[in-house]
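What follows is one structure encoded as structure tokens, with my remarks underneath.
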Amino acid sequence: MPTTTSQICSSWCWLCWVIRRLEFASNVLQHGSRESHLSVDIYDEVGIGGGASGVAGGLLHPYSPKVKLLWRGAECWNETLNLLHIAEGALLKLVNQGKCETLENNESPIVRRRGILRPAINLKNMKIMTENAQNCIANCRIEPIHEDAAQNLVPNLSVPLNLAFFMPQALNINAQSYLEGLYLACQNLVNDMSTLGHVHRELHFHQKSVQSLLDLAGEYDAVIICLGARAVFLPELSGKLPLRTCRGIITHLQLGDDIREEYPKHSPSILSDAWLAVHGARRMDLGSTWDWKSMDYSRNVTTDEASKAMEVLLPKASSIYPTIKNWTVTGAVGGLRAMPPLTADGSLPLLGCIDNYVDGSATCKYWLFTGLGARGLLFHGWLGKLLAQAVLSHDENLIPFELTLWKHKLHQ
Ligand SMILES: Cc1cc2nc3c(=O)[nH]c(=O)nc-3n(C[C@H](O)[C@H](O)[C@H](O)COP(=O)(O)OP(=O)(O)OC[C@H]3O[C@@H](n4cnc5c(N)ncnc54)[C@H](O)[C@@H]3O)c2cc1C
């Protein structure tokens, strides 16, 4: 039996790839054919959720700031829900086995399901937002509501134009727990398939830095590069990708001990010029800043950087949720976004074979998956699945052309 050894790098891109890869293999198994030996090596110098994915605010819905359905928003939304379900299942299994703490009130270890509220703040956009909202998808509805209804959902909310858009099925994800749940699900799948005894699967995590793609050249049949913004630091790709980097800071807030009135249990998170991702009655995150051209990918935020971030974020948050003044900053985290160019379909990730950049060949061994911008949580699942199919079939044409267009533009 031939051996196919695949190597991939990093974060939730690879996690979804692994899951899809192995799910795909299990489908093949169910239908009676036997796939070759598969071994997946994951390299990440920090660990699971080591980059922007681990710090992401976690607000998840398939719409633009003007509540327009994003490119392939329905497919992306559905696939993300599917992966969330898989990751939740893996963590709940641990809870049921008594291997991890039980959860308060049967809450999910990953998802807060209270919806997201977006007050309209720009008179100019009200008409277009109302029109866009009518084209929402059935499993992520958008309900235009007036001030009274909005304040019923979030007491003390400011609704300057007497209009807000409520997405009751939108989610707030704990990104780090999600990634850990996905990895666990990958491990479970490998173990389950090995137990079945028909096929041999391996999954290895290497906490190691990759300095150059050529270092991996001899060992693998396929290499998937999902280093987020740091793909631009690889010597083979430096100066070749149409990506801009943008650092973002998120501050963690807690309600002061002297404040009795908590954030209501059933109230949604809030999206505006700044967003408030609610994690509980007395805990929320406020984000995020946009420091264009920064190359700083560190998760750590200095005191000075955190207070500058608050200077930017606080006025934005107060204008929509004035009681934010009762909350105290307890910490801050940062990450680097990989921002792709704006196209007629919006800002789309960059995918495709990139062998010509690495060793000048025209084979499909090296694959790129980056440019998830500020929407990694939405894009990763569906695009990870498509990329997995393309890698398995050695067929770049399985990736929607909108995502590989960047390569053709570079050569024009
Ligand atoms: C502050 C902030 C808030 C955000 N909020 C949201 C949100 O609410 N919703 C949303 O959808 N998106 C959000 N995003 C965007 C989202 O985080 C990104 O789109 C997504 O995380 C990108 O995922 P990635 O896997 O491409 O990159 P990353 O998550 O950055 O993963 C790259 C990984 O590669 C590893 N790595 C890098 N170089 C090397 C190397 N040479 N060798 C080995 N390992 C390496 C890193 O350690 C890291 O783990 C936010 C981003 C930021 C910065």
Item to complete: Could you tell me whether region 402-412 includes any residue that is under 29 Å from Tyr178 (Cα atoms) and either assigned by TED's automatic domain parsing to the domain that holds Ala306 or surrounded by fewer than 23 Cβ atoms within 10 Å (Cβ to Cβ) (or both)?
Response: yes
Worksheet item: Can you name every residue in region 355-400 that is of a type in the set (A, V, I, L, M, F, W, C) and in contact with an Asp or Glu (Cβ under 8 Å, 6 or more places away or on another chain)?
Response: Val358, Ala362, Cys364, Trp382, Ala390
Discussion item. Looking at Arg283, Arg299, Arg337 in this structure, which one is away from the ligand (no atom under 14 Å from the Cβ) and either crowded, with 23+ Cβ neighbours inside 10 Å or modelled with pLDDT of 95 or more (or both)?
Written reply: Arg283
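Let's see how each residue does on (1) among the acidic types (Asp, Glu); (2) touching a residue at least 24 places away in the same chain (Cβ under 8 Å):
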{"site": "Asp221", "(1), (2)": "yes, yes"}
{"site": "Ala231", "(1), (2)": "no, yes"}
{"site": "Ser238", "(1), (2)": "no, no"}
{"site": "Gly248", "(1), (2)": "no, yes"}
{"site": "Thr251", "(1), (2)": "no, yes"}
{"site": "Gly256", "(1), (2)": "no, yes"}
{"site": "Arg260", "(1), (2)": "no, no"}
{"site": "Pro264", "(1), (2)": "no, yes"}
Fill in: Candidate set from region 171-209 (those that are of a type in the set (Gly, Ala, Ser) and not in a helix (DSSP H, G or I)); member that is surrounded by the most Cβ atoms within 10 Å (Cβ to Cβ)
Ser209
Response to the item:
Residue hits (region 122-134; part of a loop (DSSP other than H, G, I, E, B) and surrounded by 12 or more Cβ atoms within 10 Å (Cβ to Cβ)) are Asn122
Fill in: Members of region 264-312 that are polar (S, T, N, Q) and closer than 29 Å to Val159 by Cβ
Ser267, Ser269, Ser272, Ser288, Thr289
Worksheet item: Mind checking which pairs have a first residue in region 43-65 that is more than 18 Å from Asn174 (Cα to Cα) and of a type in the set (S, T, N, Q) and a second that is more than 7 Å from the ligand (Cβ to nearest atom) and not in a helix (DSSP H, G or I), Cβ under 8 Å, 6 or more apart or different chains?
Response: Ser64/Leu70; Ser64/Gly346
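Residue by residue, here is whether (1) in a loop (DSSP other than H, G, I, E, B); (2) in the same structural domain as Ile249 (by TED's automatic domain parsing); (3) surrounded by 16 or more Cβ atoms within 10 Å (Cβ to Cβ) holds:
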{"residue": "Val67", "(1), (2), (3)": "yes, no, yes"}
{"residue": "Trp71", "(1), (2), (3)": "yes, no, yes"}
{"residue": "Cys76", "(1), (2), (3)": "no, no, yes"}
{"residue": "Glu79", "(1), (2), (3)": "no, no, yes"}
{"residue": "Leu83", "(1), (2), (3)": "no, no, yes"}
{"residue": "Ala87", "(1), (2), (3)": "no, no, yes"}
{"residue": "Ala90", "(1), (2), (3)": "no, no, yes"}
{"residue": "Lys93", "(1), (2), (3)": "no, no, no"}
{"residue": "Gly98", "(1), (2), (3)": "yes, no, no"}
Discussion item. Can you find a residue that is out of contact with any strand residue (DSSP E or B) (no Cβ under 7 Å at 6 or more places or on another chain), among the β-branched types (Val, Ile, Thr) and without any contact (Cβ under 8 Å) to a residue 60 or more places away in the chain anywhere in region 313-329?
Written reply: no
Worksheet item: When the residues of region 370-412 are filtered to those that are out of contact with any Ser or Thr (no Cβ under 9 Å at 6 or more places or on another chain) and in a loop (DSSP other than H, G, I, E, B), which remaining residue is nearest to Val223 (Cα to Cα)?
Response: Asp395
Fill in: Failed criterion for Trp292 (all others in (1) farther than 21 Å from Arg337 by Cα; (2) loosely packed, with under 12 Cβ neighbours inside 10 Å; (3) in contact (Cβ under 8 Å) with a residue 40 or more places away in the chain hold)
(1)
Discussion item. Suppose we keep only residues that are under 27 Å from the mean Cα position of the chain (by Cα) and assigned to a loop (DSSP other than H, G, I, E, B) within region 210-220. Which one would you say is modelled with the lowest pLDDT?
Written reply: Tyr220
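Suppose we keep only residues that are part of a strand (DSSP E or B) and of a type in the set (A, V, I, L, M) within region 340-369. Which one would you say is surrounded by the fewest Cβ atoms within 10 Å (Cβ to Cβ)? So that I can check it myself, show each step before the final result.
Going residue by residue through region 340-369, those that are part of a strand (DSSP E or B) are 342-343, 346-347, 350-353, 366-369.
Okay, now just the ones that are also of a type in the set (A, V, I, L, M), so 342, 350-351, 368.
Details: Leu342: 10, Leu350: 22, Leu351: 27, Leu368: 26.
Only one residue tops the list, namely Leu342.
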Practice prompt. Inspect all residues belonging to region 60-78 and state whether any of them is among the polar types (S, T, N, Q) and at pLDDT below 95.
Written response: no
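The values are calculated or read from the model by the stated rules, or taken from the named source; none is laboratory data. Predicted model only: the values in this text are computed from it and were never measured. Cβ atoms come from the backbone with ideal geometry, glycine included; neighbour counts cover every protein chain shown.
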